[in-house]
Amino acid sequence: MMQTAEPLLYVDGRWVGSDAVFSVLNPATGHELARVPLGDATLLETANRAAHSAFCKHRHTESWQRSDWLRALAAALEERAERFAVLITAEAGKPISLARLEVARAVATFTFAAEEARRQQGSLLDLDALPSGTGHFGFSRRFPLGVVAALTPFNFPLNLVAHKVAPALAAGNSVVLKPSPHTPLTALLLAEAAEAADLPRGLLNVVTCSNAQVVPWLADARLRMISFTGSGPVGRALHAHAAGRRCTLELGGNAAVIVHADAQLEEAIPLIARGAFAYSGQSCISVQRVLVQESRYAELRERLLSYTREHIRLGDPTDSEVLLGPMISTEAALRTETAVAQALVQGARLLAGGERRDAFFSPTLLEGALPSAQVMCEELFAPILCLASYRTFDAALAMVNDSAYGLQAGVFTQDFPLAWKAFRQLETGAVLINQVPTWRADNMPYGGVKGSGLGREGVRSAMDDMTEPRSWIWNGADSR
């Protein structure tokens with residue numbers, strides 16, 4: 001069984017090594033955590049072959065059996081909950097309190113998948129709606145696609161993996177998982193849990209590889225679907241190589257919050273601060289822009305500054321009181337430092353933060369940034385929050401929509417017609433009322449529009465993307 005100190009890759013139910021290795025670093029300390037085998041073309045071919053063979057063997061497995069496998073996997077995760085949390089903190093720099101929450105969410109995700117596996121999705125067909133259908137009977141149901149190639153990012157190294165693996169297995173598919181090179185150890189611990197849960201060999205394979213090997217790997221015709229979470233440029237490049245196969249992309253955003261004049265600030269401010277700065281803002285739905293009606297702008301600014309100073313702690317991610325640990329790397333923190341400096345040169349004002357120490361970046365509030373500034377119009381993945389004011393609600397909606405992204409948005413108001421108007425007019429995958437866009441339930445449809453991607457996550461929604469409908473028609477005209 002795999003040990004974290006000497007990790008191996010997991011292919012066809014076996015732990016395998018490689019001549020080439022790469023280092024996994026602790027972003028808080030810069031120290032090496034482990035050296036992980038680097039998969040090559042031969043190992044990727046073996047993984048593809050194993051996953052295809054496992055799919056062919058288990059594609060018609062009864063739904064109760066798939067459900068039992070997933071329940072056993074959820075239990076194996078729960079048994080290793082603290083190991084997962086400590087490992088996530090070590091390789092991703094995620095504060096331990098948030099890492100424990102991520103593990104709990106992943107257990108829930110696999111549990112949701114176990115429940116959904118038992119629910120066959122289909123419908124009766126009203127064939128006699130036309131004269132030509134007289135005497136005909138039919139129904140449709142969904143069938144698994146085959147091998148799913150799952151490519152996952154560093155920021156949720158367990159739960160975003162779960163959101164690809166769990167629905168794929170629930171639907172009857174097999175998986176070849178390529179985790180982020182920053183956080184492969186968590187994915188390999190998941191493989192250990194799958195082995196302990198007696199998941200049949202080949203249904204889950206975990207392989208690392210270099211960026212140069214990704215496109216040749218994905219060219220394999222046995223891979224029937226590509227499921228990717230990450231940056232827009234990489235996602236669009238992968239989509240171009242999908243060659244007509246199913247492809248779901250979750251590509252991030254620059255999430256906005258509208259705070260209207262009637263908002264209850266005592267409820268909104270803690271949610272906004274945590275939504276912007278928790279885990280150093282390294283979430284595609286981290287709050288990046290806050291748009292406040294003019295009459296409440298000064299009050300919100302001062303109260304938000306006060307709350308951030310008093311309650312948002314930066315420091316050692318193993319401390320349960322810390323909300324911000326390091327960014328994933330010093331390079332990421334340097335990019336953040338450059339983005340803030342550029343915004344200031346362009347006329348933005350620094351209200352708090354803006355300081356970097358190695359991979360650590362302090363919670364930063366800006367106001368007056370130009371709409372065209374990087375901090376306002378691009379995804380930062382950083383602990384930066386930009387404040388702006390608006391006069392009318394319609395102007396606020398237009399400001400939110402003035403973005404290349406459209407993942408989630410939040411609106412704080414007590415006015416139901418305005419909340420409904422926001423739902424109808426905002427170009428995002430979800431509109432959250434009196435909540436920040438950072439909030440997500442693991443069983444809800446999750447995804448965006450425009451540059452935020454294609455398809456939806458959330459167990460049931462992902463299962464729909466990972467299956468295809470097939471209709472069965474019976475001509476019973478002669479037996480009437």
Practice problem: Any chance you could count how many residues in region 22-61 are of a type in the set (A, V, I, L, M, F, W, C), within 27 Å of the chain's Cα centre (by Cα) and closer than 30 Å to Arg142 by Cβ? | Solution: 6
Quiz item: Can you pull out the residues in region 300-321 that are under 26 Å from the mean Cα position of the chain (by Cα) and of a type in the set (A, V, I, L, M)?
Solution: Ile312, Leu314
Quiz prompt | Candidates Val411, Val459 - the one that is assigned by TED's automatic domain parsing to the domain that holds Thr111 and β-branched (Val, Ile, Thr) | solution = Val459
Quiz item: When you scan region 1-92 for strands (runs of 3 or more DSSP E) that lie fully inside it, which ones turn up with 1 or more residues that are closer than 23 Å to Met327 by Cβ?
Solution: 21-25, 32-37
Quiz prompt | Which numbered condition Glu457 fails, given (1) within 25 Å of Glu294 (Cα to Cα); (2) among the charged types (D, E, K, R); (3) buried (at least 23 other Cβ atoms within 10 Å of the Cβ) | solution = (1)
Exercise. Kindly establish whether Val400 is farther than 25 Å from Met225 by Cα, under 17 Å from the mean Cα position of the chain (by Cα) and buried (at least 23 other Cβ atoms within 10 Å of the Cβ).
Key: no
Practice problem: Give the number of residues within region 267-280 that are touching a His at 6+ places or on another chain (Cβ under 9 Å), aliphatic (A, V, I, L, M) and surrounded by fewer than 23 Cβ atoms within 10 Å (Cβ to Cβ). | Solution: 0
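The rows are residues; the columns are (1) within 18 Å of Ala273 (Cβ to Cβ); (2) in contact with a Cys (Cβ under 7 Å, 6 or more places away or on another chain); (3) of a type in the set (Phe, Trp, Tyr); (4) surrounded by 16 or more Cβ atoms within 10 Å (Cβ to Cβ).
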position	(1), (2), (3), (4)
Glu321	yes, no, no, no
Leu324	yes, no, no, yes
Glu331	no, no, no, no
Thr338	no, no, no, no
Leu351	yes, no, no, yes
Asp358	no, no, no, no
Quiz item: Taking region 211-236, which residues are out of contact with any strand residue (DSSP E or B) (no Cβ under 9 Å at 6 or more places or on another chain) and assigned to a loop (DSSP other than H, G, I, E, B)?
Solution: Ala219, Ala221, Ser231
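Matching residues to (1) of a type outside the set (A, V, I, L, M); (2) under 18 Å from Cys247 (Cβ atoms):
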{"residue": "Val411", "(1), (2)": "no, no"}
{"residue": "Gly429", "(1), (2)": "yes, yes"}
{"residue": "Gln435", "(1), (2)": "yes, no"}
{"residue": "Trp439", "(1), (2)": "yes, no"}
{"residue": "Asp442", "(1), (2)": "yes, no"}
{"residue": "Val449", "(1), (2)": "no, yes"}
{"residue": "Gly455", "(1), (2)": "yes, yes"}
{"residue": "Ile473", "(1), (2)": "no, no"}
Exercise. Looking only at region 468-479, decide whether some residue is modelled with pLDDT of 95 or more and crowded, with 21+ Cβ neighbours inside 10 Å.
Key: no
Exercise. Tell me which residues, restricted to region 100-113, are touching a residue at least 24 places away in the same chain (Cβ under 8 Å) and either within 20 Å of Leu324 (Cβ to Cβ) or assigned by TED's automatic domain parsing to the domain that holds Ser280 (or both).
Key: Glu102, Val103, Arg105
Practice problem: Check off (1) modelled with pLDDT of 95 or more; (2) over 27 Å from the mean Cα position of the chain (by Cα) for Asp19 and give me the number that stays unchecked. | Solution: (1)
Practice problem: Filter region 231-266 down to residues that are polar (S, T, N, Q) and closer than 19 Å to Val436 by Cα and give me whichever is surrounded by the most Cβ atoms within 10 Å (Cβ to Cβ). | Solution: Asn254
Self-check item: Ala396 vs. criteria under 17 Å from Leu300 (Cα atoms), in the same structural domain as Glu331 (by TED's automatic domain parsing) and in a helix (DSSP H, G or I)
Solution: yes
Practice problem: Determine whether Gly368 is crowded, with 17+ Cβ neighbours inside 10 Å, over 18 Å from Ala90 (Cβ atoms) and in the same structural domain as Ile269 (by TED's automatic domain parsing). | Solution: yes
Practice problem: May I ask you to verify whether Ala193 is closer than 18 Å to Tyr10 by Cβ, in the same structural domain as Ala47 (by TED's automatic domain parsing), under 20 Å from the mean Cα position of the chain (by Cα) and assigned to a helix (DSSP H, G or I)? | Solution: no
Practice problem: Taking Arg222 as meeting all but one of (1) more than 22 Å from Leu407 (Cβ to Cβ); (2) crowded, with 24+ Cβ neighbours inside 10 Å; (3) of a type outside the set (A, V, I, L, M, F, W, C), write down the number of the exception. | Solution: (2)
Quiz item: Yes or no: Ala162 under 28 Å from Leu38 (Cβ atoms) and either outside the structural domain of Arg35 (by TED's automatic domain parsing) or crowded, with 16+ Cβ neighbours inside 10 Å (or both)?
Solution: yes
Quiz item: Which residues, taken from region 243-264, are within 19 Å of Gln293 (Cβ to Cβ) and not aliphatic (A, V, I, L, M)?
Solution: His260, Asp262, Gln264
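The values are calculated or read from the model by the stated rules, or taken from the named source; none is laboratory data. Keep in mind that this is a model prediction, so the values were computed, not measured. Positions of Cβ are generated from backbone atoms using ideal geometry, with glycine treated the same way; all protein chains shown enter the neighbour counts.
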